[in-house]
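Heads up, the thing below is written out as structure tokens.
The values are calculated or read from the model by the stated rules, or taken from the named source; none is laboratory data. As the structure is a computational prediction, the values presented were derived from the model and not from experiment. Because the Cβ atoms are built from the backbone with ideal geometry, glycine has one as well, and the counts that use them run over all protein chains shown. All accessible areas refer to the heavy atoms of the entire protein, side chains included, with ligands and DNA or RNA removed. Shrake-Rupley method; radii C 1.70, N 1.55, O 1.52, S 1.80 Å.
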Amino acid sequence: MQKIVQKFGGTSVGTIDRIRNVCSLINKELKNGNQVAVVSSAMSGETNKLVSLAENFDINKNKLEFDMIVSTGEQISIALISMALKEIGLKGKPLLGWQIPITGSNDFTKAKINKIDGKLILELMNNGEIPIIAGFQGIDKDNNIVTLGRGGSDTSAVAIAAAIRADRCDIYTDVDGVYTTDPRIVKNAKKLDKISYEEMLEFASLGAKVLQTRSVEMAMRHRVTVQVLSSQTGKTGTFLTKEDEKMENELVSGIAYSKDEANITLINILDKPGVATKIFTPLSEANINVDMIVQTGSENGNKINFTYTVSRKDLEQTISIMEKNKIDIEFERIITNNSLAKVSIVGLGMRTHTGVANKMFSALASKNINIHVISTSEIKISVLIDEDSIEKALNSLHSTFELDQK
Ligand code: ASP
Ligand code: MG
């Protein structure tokens, strides 16, 4: 007998029919002799509706009320799942965050989970009942409802799996696993059987929207085995696990991309200590996330250029912050581009193999794709290219790194 957390949400619980389908996935696990705890997020579209309702008022003045409103989508879906379970003769118990309790930090709209008491969940499971827990929510030390950030039910599910020491946390979605790259762009993209936490963390933070990034961090920290699979088919999906020797030989496991890039170049800055902090302090104060950064070299006394990227929605604000600080930063002019995309190859093998970057650059060169900015980490190489080259770039990198042969 295994203890399994099953997480559903969005389109998987989008209609009553789909909720009945979820119940058959729960029943299947029970028939396999396993114990199940369910975590659900809201029905598809619900949270967006609730957000727009709340946005009729000033959110900054109403953070407590905002979380109280947007957390209600889950209350509906867990009760519906419980009703549908009853129809097929199973006993469920819908539970909100405070009933467990799931305690979080008191940061409305982006609370972190501090503690989950697994006692009630385990008691129910041992009693042959199915706890159906609302994702995305918890309570803070003052008993206020707090939410965990958009997509936060993934993190709830993994945290609950860690708290009850579940054997597995199955996250059901509308895709059947994690792919070598976007199958809508590269026809022979392949589903991965498994992927390491470290690689998945890169994919998630690069914008591959399968899992909330924090849920991957949580799984890595607590060594929770996570499976991403389709609620339509219920077929074996992709496992997130700790790395093994075989994975280390994998040069590149997948290619991610993001179209949400804009870059800013500050021209002719006087090269002296403190320049970088003058640029980035006002941006971080405005909560603008900077991603890639390049500073050109200079001969003594010469001027330099500084290029960095932000997400497109932040471009306008970034420009106005730069203009406001022009005298302090001492740059001559600013150039911007917001039709860029970032393409990243990710793989554990990069730690120990050389020549991966050059293989990437020469593949792109052979397709006449110009690289604007490059950045690397231990297991990732990212390049900034023109947005309209994405298709060519993904296809050429996918075959260069033989991902179609996985
Ligand atoms: N319902 C919440 C959202 O839409 C949480 C989740 O889906 O995981 O962001
Ligand atoms: Mg989600």
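Per residue, the stretch 1-73 exposes 48 Å² of solvent-accessible protein surface, assessed with a 1.4 angstrom probe and all protein chains in place. Counting Cα-Cα pairs of the stretch 288-406 in 5 Å increments starting at 0 gives whole-percent bin shares of 2, 9, 17, 19, 17, 14, 10, 7, 3, 1, 0. For the stretch 102-145, the fraction of alpha-carbon pairs lying more than 12 Å apart is 61 percent, rounded to a whole number. Computed per residue of the chain from DSSP H runs no shorter than four, each worth -39500 (n - 2.57), the mean residue ellipticity at 222 nm is -10000 deg cm²/dmol. For the chain, averaging the sequence separation of C-alpha pairs within contact (under 8 Å, six or more residues apart) and dividing by the residue count gives a relative contact order of 14 percent. Where the alpha-carbon atoms of the stretch 1-103 are placed on the principal axes, they occupy 50, 30, 18 Å, in descending order. Rounded to the nearest 10 degrees, the angle from helix 16-31 to the longest Cα principal axis of the chain is 70 degrees. With both labels modelled 7 Å from their Cα along Cα-to-Cβ, the Q99 to D117 distance reads 1.4 nm.
For the stretch 128-175, what is the accessible area per residue in Å² when the probe is 1.4 Å?
Roughly 30 Å² per residue, with all protein chains present.
Working from label points 7 Å from Cα in the Cα-to-Cβ sense, the S298 to R165 distance is 6.0 nm.
Measuring spread by the Cα atoms of the stretch 240-286 yields a radius of gyration and Dmax of 19.5, 49 Å.
Once the Cα atoms are used to define both axes, helix 390-400 deviates from the longest principal axis of the chain by about 80 degrees.
Its residue count N sets the reference 2.2 N^0.38 Å, and the alpha-carbon radius of gyration of the stretch 262-338 equals 1.01 times that reference. Geometric descriptor of the stretch 154-281, per residue, is 180 Å³ (volume of the convex hull of the Cα atoms). Amide H contacts of I130 (H built 1.01 Å from N, in plane; Pro and chain starts excluded): K91, G92, K93 sit under 5 Å, all sequence-distant by 5 or more or on other chains. Here the label points at N368 and Q317, each 7 Å from Cα along the C-beta direction, are separated by 3.9 nm in the simple model. Seen from a random direction on average, the alpha-carbon convex hull of the chain projects onto 22.2 square nanometres. Comparing mean-square fluctuations of V186, V13, V178 from a GNM of the chain with C-alpha springs under 10 Å, the top value falls on V186.
Just the protein heavy atoms count here, and of the accessible area of the chain at 1.4 Å, carbon and sulfur take up 47 percent. Size descriptors for the stretch 227-362, from the alpha-carbon set: Rg then Dmax equal 20.2, 64 Å.
Could you tell me which of rounded, prolate or oblate describes the stretch 92-181, using a ≥ b ≥ c as the square roots of the eigenvalues of the alpha-carbon gyration tensor, with rounded for a/c under 1.5 and, failing that, prolate when a/b is larger than b/c and oblate otherwise? Oblate is the answer for the stretch 92-181, as a/c is 1.5 or above yet b/c matches or exceeds a/b.
Under 16 Å of direct C-alpha separation, and excluding same-chain neighbours fewer than eight residues apart, K91 reaches these lysines: K28, K31.
A full extension of the chain between T336 and N32 corresponds to an added length of 103.7 nm, given 0.36 nm per residue minus the alpha carbon distance.
Roughly how tilted is helix 356-366, in degrees to the nearest 10 and between 0 and 90, from the longest Cα axis of the chain? Helix 356-366 and the main axis of the chain meet at about 70 degrees.
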